[in-house]
1. Could we say that Y468 is among the aromatic types (F, W, Y) and either within 26 Å of M421 (Cα to Cα) or surrounded by fewer than 20 Cβ atoms within 10 Å (Cβ to Cβ) (or both) here?
2. Quick one: how many residues across the range 485-528 are among the aromatic types (F, W, Y) and either over 34 Å from the mean Cα position of the chain (by Cα) or over 30 Å from W407 (Cα atoms) (or both)?
3. For a quick check of your reading: which helices (runs of 4 or more DSSP H) sit entirely within the range 434-530 and have at least 1 residues that are within 23 Å of N309 (Cβ to Cβ)?
4. Right, A179: in contact (Cβ under 8 Å) with a residue 24 or more places away in the chain and closer than 30 Å to L128 by Cα or not?
5. May I ask you to list the residues in the range 151-164 that are assigned to a loop (DSSP other than H, G, I, E, B) and open to solvent by 50 Å² or more (accessible area, probe 1.4 Å)?
6. Hey, among G174, G228, G233, which residue is touching a strand residue (DSSP E or B) at 6+ places or on another chain (Cβ under 6 Å), open to solvent by less than 50 Å² (accessible area, probe 1.4 Å) and small (G, A, S)?
7. Which residue pairs have Cβ atoms under 6 Å apart, sit 6 or more places apart or on different chains, and have a first residue in the range 512-524 that is surrounded by 12 or more Cβ atoms within 10 Å (Cβ to Cβ) and of a type outside the set (A, V, I, L, M) and a second that is at pLDDT 70 or above and assigned to a helix (DSSP H, G or I)?
8. Could you look through the range 248-280, keep only residues that are modelled with pLDDT of 85 or more and of a type in the set (D, E, K, R), and pick out the one that is least open to solvent (accessible area, probe 1.4 Å)?
Amino acid sequence: MASGDDSVGGESSRYRRHERDSGCVGDDGESGSHSGGAISGYCCSDDEDDEYDYEQDGGGGGSDYGDISDAEDTKVEAAAPRTYLILTEDEVLRRQADDTAKVAEVLSIPPAFAAFLLRRYKWVASSLQDDWFSDERRVRDAAGLPADGGVPVATALSASPLACAICFDAFPAGRTRSAGCSHYYCDDCWRGYVRAAVGDGPRCLSLRCPDPGCSAAVVRDLVDAVAGGGDDGERYARFALRSYVEESGGRIKWCPGGGCAHAVEFVGCAGDDAADVLCRCRHGFCWSCGEEAHRPVSCGTVRAWLAKNKSDSETANWVLANTKHCPKCRRAIEKNQGCNHISCPPPCGHHFCWLCFKPAGTREHYACYVYSPPPPDAGGKVETKEEATARQARASLDRYLFHYERWAGNLRSLEKARHDMDELERPSVLEGMAAAVGLNSVMELHFIVEAYEQIAHGRRVLRWSHAYGYYLDPARDGKKRELFNYLQGEANAALERLHKLAEVDRKEVFCSEVGEADDDDVAKRFKDYRDTMVNLTVATRTFMGNLVKAFETDLCEVSMR
């Protein structure tokens, strides 16, 4: 039994439920489109209501998994409407070709020159067309196109014998070429010129004629003619593709996840607030600052927290060992699963919380998510200035280590949840689970996938809630701290129960021995498990929504009282 956190994992089912309700997702599960093809779209929205939903702990369930209230009709708070599109490289290439073709048609110029001009205008066709039709001469001069208004030529072969202007060798007619200007070079010299430019990086896309006094544009058609299908041509094509994203003025960004080749287009206005984006690779990142997804904590808090970690993490890593001792038998234990409920191996069998070492299995041990500053010395002794400084330093370090351990622990639990989600994506795993409980279709197990998506979202939110909590001063922000502790505690308790249900109880429900039991008993056990998980998923989503709303308003309810 163990626990985890939110970024960079499967998308919260809260988002998908909203998509189905608002019509963002089509019959194929995708939303948004471009002339280049279907593109997945994700959207989330928040109600304007400032009330929190608290009534999720009561009620009976009659199942074997504890009392869970029926939360099917729970109203979930979300964030302001935000939409983004996930694009593959092929879709980016298709978009780029479509935009280039449209501009080439409107301006009556070859596509290679249309692409050259669009890069100068950050791939915003409307801006290019406005400038072109208001002052075509100025646009042509700036881009190195013929100023006489004629149709530009990507490359022109010599009509008579000429000497190459670089190597000075003589060549017959048709064996030297220019960039549409009067300066002719042999293919070998052009090839060397392009190779040097490509080796210099993306600036090769703005290449001009080798003659220092000529501004004629060297476009894609000329590069392809001299570089052929070699490495230089492939690298140039790669730079050209990436320019559609990297020179878009921030409208489109590459997913920063390791090994991911998807691009993300944000539709709407992200503003100054953190806007989390979840890629298909399960990596989540903030559109505003580029760090890993951290909603609802502000980008400024994240920068301050990461800077703090950079300076203090070595101390924290030294203090927080990778193994801990069982509080009963003192045996060293390594946590290898997600939830924080630890069971010491036989013969001890003691159950305890990985974070606070209190006995697990009861609601009380979740209080370890509430930071309690050490009480002041009640002995009546007057502190010296040096003693007060030392005490304050110890308290500050203790507070930092408290939040750092939980911040890092939620990340480890998130990574474990992602690993489990990857396992569930394998058809053989779901088929085996369905067969174990007598189901005809793996689609009847989708509630488990949704639960894991909520776990990933919850781990991310809880992780960054500790960065927020660290900057709540225990003395100055006492009232805010009380509300923060309450909301965080409720969210954490629900998430831990859901994570245990998905990670540990799932293996018991779908174990191979289940198939040997009576069919009615198996069906009842599966129904109880499904109903409990569905209700607890919705309850966890509600508590996380309350926590997100509180952070995004900076716990304004406290200041209004």
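The values are calculated or read from the model by the stated rules, or taken from the named source; none is laboratory data. Everything quoted here is computed from the prediction, not taken from an experiment. Neighbour counts run over all protein chains shown; Cβ positions are idealised from the backbone, glycine included. Surface accessibility is based on the protein's heavy atoms, side chains included, excluding ligands, DNA and RNA. Shrake-Rupley method; radii C 1.70, N 1.55, O 1.52, S 1.80 Å.
1. no
2. Result for the range 485-528: 2.
3. Details: elements: 446-470, 478-500, 506-509.
Passing ranges, in order: 446-470, 478-500.
4. yes
5. Those that are assigned to a loop (DSSP other than H, G, I, E, B) and open to solvent by 50 Å² or more (accessible area, probe 1.4 Å): V151, V153, A159, S160, P161.
6. Details: G228 fails: touching a strand residue (DSSP E or B) at 6+ places or on another chain (Cβ under 6 Å); G233 fails: touching a strand residue (DSSP E or B) at 6+ places or on another chain (Cβ under 6 Å).
When all the criteria are applied, what remains is G174.
7. Matching pairs, first to second residue: G515/A436.
8. Filtering the range 248-280 for residues that are modelled with pLDDT of 85 or more and of a type in the set (D, E, K, R), the one least open to solvent (accessible area, probe 1.4 Å) comes out as E265.
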